[in-house]
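Undergrad: First the structure, then my questions, so here it is.
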């Protein structure tokens, strides 16, 4: 029984041999104490008692094994790391004319659109009413609906007197204004007035103000500075009839490449006509992105 017990101890120690220095020190001390208690019985030949383990010996061995098991369990037990929980954003009222980037982050406002808001203010833009918030780049109707109730715009001191002394200029319609009208917009000089009209004629009219970025030299800051000075009626656009327009005129549109114009003309030669604008996508004449971008400017016999 003694040999079997010692073999069990050896196997147990071998399986759990990976210990730290302090743990090994404890093991050695316990082992020495057990051996000291066993040596007199193992080597004292004058004793008439049989060379067997007593109840105390078994208790000592069991205590030793339990100590090893405790050390092994403590080593294998994963250290639980307490992660600092980030506060959950809670929407609350804010003034878009004074709110900071940090405050926008706290209320859970989209970071990208929040950056547009800050840039708009730096460019001199101000929010005079809740509806002005819809002009901010990136604000969709659904997003505006969510945040409208949290927008609080405090009127500046003397604002009513200021409005009386300096009436607000009427908005300039981008799809209808001539060069003289565009020059009334602060931030648009003769160069950009001419470029806007040229591009508007090629395009067929603007659908949204961000299309001004497609004009060479235009930048986000300038667009944000003129956003509250202009209006835009997207219904004033001119559409192209793809059943009658020539390849040359079609190619003049800034969204139509030579390949696209060639594909449309070849289809007309083969099929005779388009039944609907959707035929362009169904017959894979345009990619989905090309179709989405060009679709508002196309028609079939309207």
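The values are calculated or read from the model by the stated rules, or taken from the named source; none is laboratory data. These figures come from a predicted structure and were not determined experimentally. Backbone-built Cβ (ideal geometry, glycine too); neighbour counts: all protein chains shown.
Undergrad: How many of the residues in region 220-242 are out of contact with any strand residue (DSSP E or B) (no Cβ under 6 Å at 6 or more places or on another chain), modelled with pLDDT of 90 or more and loosely packed, with under 15 Cβ neighbours inside 10 Å?
TA: Residues flagged as out of contact with any strand residue (DSSP E or B) (no Cβ under 6 Å at 6 or more places or on another chain), modelled with pLDDT of 90 or more and loosely packed, with under 15 Cβ neighbours inside 10 Å within region 220-242 amount to 1.
Undergrad: Let me ask something else about it. Let me confirm something: among 181, 189, 204, which residue is farther than 30 Å from residue 285 by Cβ and either loosely packed, with under 14 Cβ neighbours inside 10 Å or in contact (Cβ under 8 Å) with a residue 60 or more places away in the chain (or both)? Step through it out loud before you land on a result.
TA: On the way: 181 fails: either loosely packed, with under 14 Cβ neighbours inside 10 Å or in contact (Cβ under 8 Å) with a residue 60 or more places away in the chain (or both); 204 fails: farther than 30 Å from residue 285 by Cβ.
None of the others qualify; the one that does is 189.
Undergrad: Now a separate question. For the list (1) at pLDDT 85 or above; (2) part of a loop (DSSP other than H, G, I, E, B); (3) within 30 Å of residue 90 (Cα to Cα), I need the number of the one condition that residue 156 fails.
TA: Only one criterion is unmet by residue 156, namely (1).
Here's the yes/no breakdown for (1) touching a residue at least 40 places away in the same chain (Cβ under 8 Å); (2) outside any helix (DSSP H, G or I); (3) closer than 29 Å to residue 119 by Cβ:
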residue: 193; (1), (2), (3): no, no, yes
residue: 196; (1), (2), (3): no, no, yes
residue: 199; (1), (2), (3): yes, no, yes
residue: 217; (1), (2), (3): no, yes, yes
residue: 224; (1), (2), (3): yes, no, yes
residue: 228; (1), (2), (3): yes, no, yes
residue: 248; (1), (2), (3): no, no, no
